[in-house]
1. Determine the pairs where a residue that is in contact (Cβ under 8 Å) with a residue 60 or more places away in the chain, located within the stretch 228-245, has a partner that is polar (S, T, N, Q) with Cβ atoms under 7 Å apart, the partner being 6 or more residues away or on another chain.
2. With respect to the numbered conditions (1) buried (at least 16 other Cβ atoms within 10 Å of the Cβ); (2) modelled with pLDDT of 85 or more; (3) outside any loop (DSSP other than H, G, I, E, B), which one is the sole condition not fulfilled by Asp220?
3. Only one of Arg129, Arg133 is exposed (fewer than 13 other Cβ atoms within 10 Å of the Cβ), among the charged types (D, E, K, R) and part of a helix (DSSP H, G or I). Can you tell me which?
4. Would you confirm whether or not the stretch 210-217 contains a residue that is of a type outside the set (Ser, Thr, Tyr), in a strand (DSSP E or B) and more than 25 Å from the chain's Cα centre (by Cα)?
5. Tell me which residues, restricted to the stretch 136-164, are part of a helix (DSSP H, G or I) and more than 17 Å from Glu196 (Cα to Cα).
6. Show me the helices (runs of 4 or more DSSP H) entirely contained within the stretch 1-110 in which 3 or more residues are surrounded by 11 or more Cβ atoms within 10 Å (Cβ to Cβ), at pLDDT below 75 and within 60 Å of the chain's Cα centre (by Cα).
7. Can you tell which of Glu184, Glu203, Glu196 is out of contact with any Gly (no Cβ under 8 Å at 6 or more places or on another chain), under 23 Å from Asp117 (Cβ atoms), in contact (Cβ under 8 Å) with a residue 60 or more places away in the chain and among the acidic types (Asp, Glu)?
Amino acid sequence: MTPVVFPANVPAMDWSEPRGFREWFRRLMSLRCLMALLIIYCLALAELRFDWVERSIGAFLVTTNSARPQSGHIWEKSRNTVLARKTLEKIVTDRQTHQRSAMDAATLVELVATLPDDQGAMLSAERFRGLYRNLPDRLAVDLMSPIELLRLSSGGEWVRAYLKKQNGGLNIYLLDPGNRVLREIDVLPEFLRRIEREGIVFEGALEVISSLKNRIYPADQFFSALEALPKEARIEILEQPETLLAISDPVRRVGISDEALSGFIDIGFEFQENGSHRVLLVQARDWAVWQLSLLLEGEDSPPAEGFDR
């Protein structure tokens with residue numbers, strides 16, 4: 001084996017294991033070791049001060065980000081966060097839209113139409129009183145006693161009303177400043193249908209409405225029989241006759257429904273407006289309509305059009 005020959009004046013590297021503490025100390029304090037430790041110290045200090053390792057790794061990951069698959073816990077968590085944020089924004093937006101629509105509604109029917117199922121709207125006490133006043137008197141009394149509403153208003157505790165659409169009906173909660181329920185009103189779906197049909201105007205003649213086409217009477221015959229009824233029965237059939245008096249063209253025919261809904265029967269008044277037939281629908285108490293029907297069928301006048309005796 002050929003021996004290793006070092007150049008002159010250059011000390012040979014000693015690769016053997018130190019034989020004692022003095023040898024360890026001599027090697028540790030050598031120039032090469034001190035330079036290596038100094039470099040490591042400077043790199044560590046620079047990292048603590050400038051975070052250059054993290055920045056370098058981050059810059060590298062950014063350049064390769066588009067090529068990496070979007071999978072893993074971080075990506076899944078990010079997607080869930082974005083989805084939750086969008087869902088929450090939609091819920092808030094929809095709730096604000098429903099609240100604005102409820103505030104703009106002129107009638108209770110319009111308000112119910114703007115509410116999705118199982119959602120509600122908060123109204124001030126004054127706003128709720130306005131909706132209550134817009135109801136026909138008979139419907140308003142059936143919804144809630146006006147005396148009780150006056151008592152709550154004058155007591156000073158009632159400040160707001162929360163209306164929630166549920167199971168086709170409507171739940172109304174009258175609340176105090178602490179949101180404690182002062183009065184709860186359960187509005188059945190049948191009552192809402194009564195409100196929807198009260199005072200509605202249909203296009204066309206009476207025959208267009210299937211429930212009215214079988215019992216149609218001339219207007220003079222109908223009003224003669226109505227005039228012969230007791231006052232309490234007349235009020236239960238036509239509570240606000242001024243509504244018909246406000247129509248420029250006189251009523252020509254009247255149709256009476258053969259169906260009852262929650263103790264009420266539809267009555268349609270046919271008139272003409274701008275050359276077209278219109279039907280104004282009102283609701284009357286069934287017992288009063290039955291009395292009226294007895295008079296209509298018992299008078300010596302032409303039978304009801306389409307009515308099978």
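1. Leu229/Gln291
2. Every listed condition holds for Asp220 apart from (1).
3. Details: Arg129 fails: exposed (fewer than 13 other Cβ atoms within 10 Å of the Cβ).
None of the others qualify; the one that does is Arg133.
4. Yes, the conditions are met somewhere in the stretch 210-217.
5. So the first thing to find is which residues in the stretch 136-164 are part of a helix (DSSP H, G or I), and the list is 137-143, 146-155.
Residues satisfying the conditions are Pro146, Ile147, Glu148, Leu149, Leu150, Arg151, Leu152, Ser153, Ser154, Gly155.
6. Working: elements: 21-28, 31-50, 52-63, 73-104.
By residue number, 73-104.
7. Values: Glu184 fails: in contact (Cβ under 8 Å) with a residue 60 or more places away in the chain; Glu203 fails: under 23 Å from Asp117 (Cβ atoms).
Residue meeting the stated conditions: Glu196.
The values are calculated or read from the model by the stated rules, or taken from the named source; none is laboratory data. From a predicted model like this one, the values you see are computed outputs, not experimental measurements. As a convention, Cβ positions derive from the backbone with ideal geometry for all residues, glycine included, and neighbour counts pool all protein chains shown.
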